[in-house]
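The values are calculated or read from the model by the stated rules, or taken from the named source; none is laboratory data. The model shown is predicted, which means the values in this text are computed figures rather than measured ones. Don't worry about glycine lacking a Cβ; one is built from the backbone with ideal geometry, like all the others, and counts go over all protein chains shown. These accessible areas exclude ligands, DNA and RNA; they are computed on the full protein's heavy atoms, side chains included. Shrake-Rupley method; radii C 1.70, N 1.55, O 1.52, S 1.80 Å.
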Amino acid sequence: HAHINDPAFDADRAQIIQKSFDSGLSHIMEIACEEQEWQPAVELSQKYDGKIYPVCGMHPIYAKTFTEQNGAKLETFLNNPLVKAVGEIGLDYAYLHESSKEVQQEVFLQMLLAADKYQKPVVLHCRKTNDAGDFAAYDDMANIFKQKPAVKGGIMHCFSGRYSDAVWALDNGLLIGINGIIGYKKNEDLRQTIKKIGAKYLVVETDCPYLP
């Protein structure tokens with residue numbers, strides 16, 4: 001899970017990609033979170049045929065930009081066999097100033113329906129507010145899942161929920177994505193949850209350049 005097309009890599013993108021593969025990495029999933037990122041992600045995957053694959057969707061912080069027109073455009077990308085998943089999609093309650101809960105929830109449902117239509121797995125983004133103990137985003141995501149046909153598996157990206165949220169994800173055919181945030185001193189509960197889940201159900205991510 002990476003954002004290699006981010007401007008942070010403009011100076012040395014090719015070198016970083018080559019170093020990654022030289023180090024033994026087999027594939028990179030290039031996450032395209034909004035309309036302007038979809039085509040560049042496909043072009044990057046074509047340049048590194050068989051090594052980089054695009055994942056296209058509408059990130060919740062951009063949900064207010066979702067329209068019928070770019071929804072139809074997204075479907076043309078999802079119909080492309082190069083695009084391996086729909087993502088990252090979901091709910092982000094730390095950025096409600098960007099898109100309201102209601103808008104995020106409606107767009108998330110539309111993304112799930114598109115994933116079902118094109119039989120793609122999903123890369124889910126679920127971020128709670130900054131208030132300790134507030135897991136409403138995870139609760140709402142579970143409720144929205146009940147409104148749609150079954151998705152074809154996927155990853156709960158950058159997991160930061162409770163053990164019950166991890167169990168829900170596994171029950172819905174999702175793997176748990178973990179990254180540098182598990183090292184934060186405050187995240188002992190998260191470390192214990194990950195320990196209980198076990199390595200079999202974990203995917204190690206970088207989410208570069210956004211997380212340590």
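Couple of notes before you dig in:
- Between the C-alpha center of segment 74-110 and that of segment 134-179 there is a gap of 14 Å.
- With a Förster radius of 30 Å applied to the beta-carbon distance between VAL204 and LYS148, the computed FRET efficiency rounds to 0.60.
- Ellipticity estimate at 222 nm from DSSP helix runs (n ≥ 4, -39,500 (n - 2.57)) divided over the chain, nearest 500: -11500 deg cm²/dmol
- Considering only the Cα atoms of segment 163-212, their convex hull presents on average a projected area of 3.6 nm².
- Per-bin percent of Cα-Cα distances, segment 1-51 [5 Å]: 4, 20, 31, 29, 12, 3, 0
- Helices of the chain meeting both criteria, an alpha-carbon length of 18 angstrom or more along the long axis and an average Kyte-Doolittle score not below -0.5, with helices taken as full DSSP H segments, are 101-117.
- Normalising the Debye intensity of segment 75-197 to I(0), with uniform scatterers on Cα atoms only, and taking log10 at q = 0.11, 0.17 Å⁻¹ returns -0.37, -0.86.
- The residues PHE9, PHE159, sorted by heavy-atom accessible surface at 1.4 Å with ligands and nucleic acids left out, run PHE9, PHE159 from largest to smallest.
- Based on C-alpha pairs under 8 angstrom that are at least 6 apart in sequence, segment 83-197 has a relative contact order of 24 percent.
- Quarter the surface of the alpha carbon convex hull of segment 23-86 and you get the mean projected area, 4.6 square nanometres.
- Whole-percent carbon and sulfur share, accessible surface of the chain, 1.4 Å: 52 percent
- Segment 1-139: Cα Rg divided by the 2.2 N^0.38 Å rule of thumb: 1.09
- Using R0 = 25 Å, the C-beta based FRET efficiency linking ALA72 and LYS51 works out to 0.25.
- Accessible surface area normalised per residue over the chain is 50 Å², counting heavy atoms of protein chains with a 1.4 Å rolling probe.
- FRET efficiency for the LEU170 to ASP116 pair, using the beta carbon distance and R₀ = 22 Å, is estimated at 0.65.
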